[in-house]
Amino acid sequence: MTALGFLYPGHSAEDDYPRIEQLLGSDVRLQLVHTDIGEDAHRIDALREMGSAARLSAGVEELRLSGAEAVVWACTSGSFVYGWEGAHEQVRALARAAGLPASSTSFAFAHAVREIGARRVAIAATYPQDVADLFVAFLRDAGVEVVSSRASGIITAAEVGTWGEAEVLELARAGDHPDADAVLVPDTALHTAAHLPALEKDLSKPVLTANQVTVWEALRLADRKVNAPTLGTLFTKEPIIQV
């Protein structure tokens, strides 16, 4: 049994995780602890507060007691909003608090892009433009070429969590670009686990989504290799082993 821990902000699309656990079809257990998000707003100051060390450390003990082998901060905007160096420090602080290997969804995207061999990506974001721009900057610092970025201007995770397959497909189509090797759909508040086959079939290219890459990143930290094609192209590749 491999137990993986996730700090998930609030309540929006957390049911993606038991769905992914089921789709993995192996001895992997995904343990979620919900963090206090404070103000639900895709606004830079609110996102920085949501990802603060104090808010993240509050859930660490429960994950440690659950037997988790690794922990991932399951939030994209609440990590890249700190910038490249700040996001590294956030993860280092989380690792120290947990006494476990740690990462975040932002780094999960960077690692997953390399894993599938994508050179150029398009971003289909739920966020306002200024927040989406910070994700672009983060990926470029990670060495990822971003050919386009679509911002939807949605302010709250609560609203994003109500979106179904039709809205997710529309978002991905709007964010796609003919020069992109893959489309990235950030925001762990967005339900995507059930829609990955439809997304990749519709766009005819790999699609990376926030909760999908977050689970993949935790498996990578735990050095687990799970083949699960229903979770998209990413899960047909062997995860890179962390050095």
Can residue 21 be described as in contact with a Lys or Arg (Cβ under 9 Å, 6 or more places away or on another chain), within 21 Å of residue 236 (Cα to Cα) and charged (D, E, K, R)?
-> yes
Residue 173: part of a strand (DSSP E or B) and either without any contact (Cβ under 8 Å) to a residue 24 or more places away in the chain or of a type in the set (D, E, K, R) (or both), yes or no?
-> no
Scan segment 31-54 for residues that are assigned to a helix (DSSP H, G or I), under 27 Å from residue 67 (Cα atoms) and open to solvent by 30 Å² or more (accessible area, probe 1.4 Å) and jot them down.
-> 53, 54
Among the residues of segment 201-233, the number that are open to solvent by 30 Å² or more (accessible area, probe 1.4 Å), assigned to a helix (DSSP H, G or I) and in contact with a helix residue (DSSP H, G or I) (Cβ under 8 Å, 6 or more places away or on another chain) is 4
Consider residue 162 carefully, then state whether it is within 16 Å of residue 109 (Cα to Cα) and either open to solvent by 10 Å² or more (accessible area, probe 1.4 Å) or of a type outside the set (A, V, I, L, M, F, W, C) (or both).
-> no
If you go through segment 85-92 one residue at a time, do you hit one that is open to solvent by 30 Å² or more (accessible area, probe 1.4 Å), at pLDDT 95 or above and under 23 Å from residue 207 (Cα atoms)?
-> no
Restricting attention to segment 17-26, and to residues there that are at pLDDT 90 or above and touching a strand residue (DSSP E or B) at 6+ places or on another chain (Cβ under 9 Å), which single residue is most open to solvent (accessible area, probe 1.4 Å)?
-> 18
Would you check if there is a residue in segment 99-106 being open to solvent by 10 Å² or more (accessible area, probe 1.4 Å) and farther than 27 Å from residue 228 by Cβ?
-> yes
Only unsatisfied item for residue 140, checking (1) within 26 Å of residue 51 (Cα to Cα); (2) open to solvent by less than 30 Å² (accessible area, probe 1.4 Å), is (2)
Are there any pairs with C-beta distances below 6 angstrom linking a residue in segment 50-69 that is within 9 Å of residue 35 (Cβ to Cβ) to a residue that is aliphatic (A, V, I, L, M) and not in a helix (DSSP H, G or I), with the two at least 6 apart or on different chains, and if so which?
-> 50/37; 56/7; 59/7; 59/33
Do we have any residue at all in segment 215-228 that's in contact with a Gly (Cβ under 8 Å, 6 or more places away or on another chain) and farther than 23 Å from residue 115 by Cα?
-> no
All but one of (1) within 22 Å of residue 227 (Cβ to Cβ); (2) among the acidic types (Asp, Glu); (3) buried (at least 19 other Cβ atoms within 10 Å of the Cβ) hold for residue 14; which doesn't?
-> (1)
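The values are calculated or read from the model by the stated rules, or taken from the named source; none is laboratory data. Computed from a predicted structure; not experimentally measured. Every residue, glycine as well, gets a Cβ built from its backbone with ideal geometry; the counts of neighbours run over all protein chains shown. Just the protein is used for accessible areas: all its heavy atoms, side chains included, with ligands, DNA and RNA removed. Shrake-Rupley method; radii C 1.70, N 1.55, O 1.52, S 1.80 Å.
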